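Following: one structure in structure tokens, then a few remarks.
Taken together, the values in this text are just the output of simple stated rules run on the coordinates, not laboratory data. This one's a predicted model, so the numbers in the text were calculated from it and none came from an experiment. Counting neighbours? That spans all protein chains shown, and the Cβs are built from the backbone with ideal geometry, glycine included.
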Amino acid sequence: MRIGIDATALPPQPVGAGNYIIQLIRALAAADNDDQLVIFTQSKGPALLDLSEETSVEWQIVKDRTPGSRLIWEQTRLPRLVQGTKVDLLHSLHYTRPMRLPCASVVTFHDMTFFLYPQLHTRARRMFFPSAIRASARQADALITVSESTRQDAIRLLAIDPGKIFTTHLGVDPSFRLIDNDDEKKTITAKYDLPENFILYLGTIEPRKNLPILVRAYKRLVDSGMSHKLVLVGKYGWMYDEVLGLVKELDLEDMVCFTGYVSQDDLPLVYNLASLFVYPTIYEGFGLPVLEAMACGVPVISTQIASLPEIIGDAGILIPVNDIDALFDAMVRVLGDQTLREEFIRNGQLRSKKFSWERTAQLTRQVYQQVLETS
């Protein structure tokens, strides 16, 4: 097969969907088959994807654009570029595809927050993405979601034929593992000024991640005498000021650390240094950080909603969304009970081994084959 991959949505500092783009392309490129990959990307794409020299791909490097102008380019210029490459199929990795295409099409949906929680997005995104996603659902030959939860949401919200939409769970990179190297840990501790004992959150600082709940529950933990600090890793997103303001209001400025964006190379060590990982999100299409934390041997607390029970299973504690009491009690339990901690560490590592990017690529390729065999 000659497969086009639209990776032009890959941002300079990948998180979430950006990591999916990188890891899926790497796994597809490394697969032992005769497929030819044609990768459409902006200028930083090849460096971010960092493909092995042994892989053979065809690069289509396009002019760098802002997210908004990229979406206009996708509709106006990409179809002609695709036609010139003579690909059999184009896989659009981030919700949208050109209205007109000269080949078969697959589109990945990462979540349904634009329909379920529109208030968690900026006005511009609320105006554009719902209609664009509906158009993708109608026009694509097949759709991919990153969890069964998102698949079911998409079927219900968009009236999609269940036979047209497929689940391909995300994977965890082998670099996310238990690390015993004390020198490397000291280097990362100094680089990000990390405390000795801390509770970790990782993700964009934005409303959907529900960080005010974590900060309030953590305040109760501090008042109860717990000495662990709280480390919030991730770049500032939309409406991040609420979190900063709450930390100040609760007089936690000496206890809560903001690291900003942490590179993928450094993340495994940051996870390894944490005593506990807490992910209080309102909704997730998949929830990759909880999988990475489990792979690194960190006990996990998250919310009992959307894809998270599907990913975590019985390998962590799931609490109701917005339940500060339940979150506080869960943190006290995990930090205060070594036997329970060891059980979650063991179960989390076993659970994480069920997810791999090789499996993601294999299932994705099966979708390509089915589309081309029936189109």
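Just a few scattered comments:
- Taking the square roots of five times each eigenvalue of the Cα gyration tensor of the chain, the equivalent ellipsoid has semi-axes of 37, 22, 20 Å, listed largest first.
- Relative to its residue count, the stretch 7-134 spans a Cα convex hull of 113 Å³ per residue.
- Entries of 164/235; 44/353; 209/354; 191/235; 219/354 with Cα pairs more than 28 Å apart: 164/235; 44/353; 219/354
- Proximal charge balance of residue 48 [Cβ under 13 Å; K/R count +1, D/E count -1]: -1
- Net charge dipole size for the chain [Lys, Arg +1 and Asp, Glu -1 on Cβ; Debye, nearest 20]: 1440
- Over all pairs of different C-alpha atoms in the stretch 182-352, the reciprocal of the mean inverse distance, the Kirkwood hydrodynamic radius, equals 15.9 Å.
- For residue 186 and residue 249, the FRET efficiency from 1/(1 + (r/R0)^6), where r spans their Cβ atoms and R0 equals 45 Å, is about 0.85.
- Taking the convex hull of the alpha carbon positions in the stretch 290-354 and averaging its projected area over all directions gives 3.9 nm².
- Computed lengthening from residue 223 to residue 66, 0.36 nm per intervening residue step minus Cα-Cα distance: 52.0 nm
- For residue 54 and residue 332, the FRET efficiency from 1/(1 + (r/R0)^6), where r spans their Cβ atoms and R0 equals 51 Å, is about 0.55.
- With the simple model of a label 7 Å out from the Cα in the direction of the Cβ, residue 167 to residue 34 spans 3.4 nm.
- CD proxy at 222 nm, helix term only [per DSSP H run n ≥ 4: -39500 (n - 2.57); per residue of the chain; nearest 500]: -13500 deg cm²/dmol
- Debye log10 I(q)/I(0) at q = 0.16, 0.21 Å⁻¹ for the stretch 1-65, Cα point scatterers: -0.47, -0.81
- Taking the three principal axes of the alpha carbon atoms in the stretch 121-231, the coordinate ranges are 53, 33, 25 Å, sorted in descending order.
- The slack in the chain from residue 80 to residue 258, taken as 0.36 nm per residue of separation less the alpha-carbon distance, amounts to 59.7 nm.
- Paramagnetic reach from residue 124 (point 7 Å along Cα→Cβ, amide N under 15 Å) across the stretch 234-257: 237-239
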